[in-house]
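Scroll down for the structure; my scribbles are underneath it.
A short reminder: the numbers here are calculations on the coordinates, not readings from a lab. Predicted, not measured: the structure shown is a model, and the values here were computed from it. No Cβ is skipped: glycine too gets one built from the backbone with ideal geometry, and neighbour counts run over all protein chains shown.
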Amino acid sequence: MTMQPVNYSDGDVHLSGFLAWDATRTEKRPGILVVHGGRGLDDHAKGRARQLAEMGFVATLVLIRTRDSRAHLEMARAEVAPAEVVPA
């Protein structure tokens, strides 16, 4: 199984991800886009891309957050903080 980092950009926003495929196969294969969960490009997301590659897909794991996203995430978490529970 081959997994290689890839870099891409959208205007001035530079992002990274991974491309996973089975290099022993030479026939055309379908591609699938893998989007990470809340923890970004972690081992779980990379593992899913590997699993899909093992099933015969060419899997592209993309990062949907930038370096500034953590600050935005923290602000969003603060806005939806759990309400105080008052006993009845």
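A simple packing score, the average count of other Cβ atoms within 10 Å per residue, orders the peptides 8-15, 46-53 as 46-53, 8-15, with the highest score first.
Taking amide H atoms as placed 1.01 Å from N in the peptide plane, the amide H of residue 16 lies under 5 Å from those of 8, 63, each 5 or more residues away in sequence or on another chain. Among 22-28, 39-45, sorting by the average number of other beta carbon atoms lying within 10 angstrom of each residue, highest first, gives 39-45, 22-28. A simple rule links phi to the HN-Hα coupling: the Karplus curve 6.51 cos²θ - 1.76 cosθ + 1.60 with θ = phi - 60°, which for segment 3-19 gives 9, 10, x, 10, 10, 8, 9, 10, x, 8, 8, 9, 10, 9, x, 9, 10 Hz, with x for Gly and Pro.
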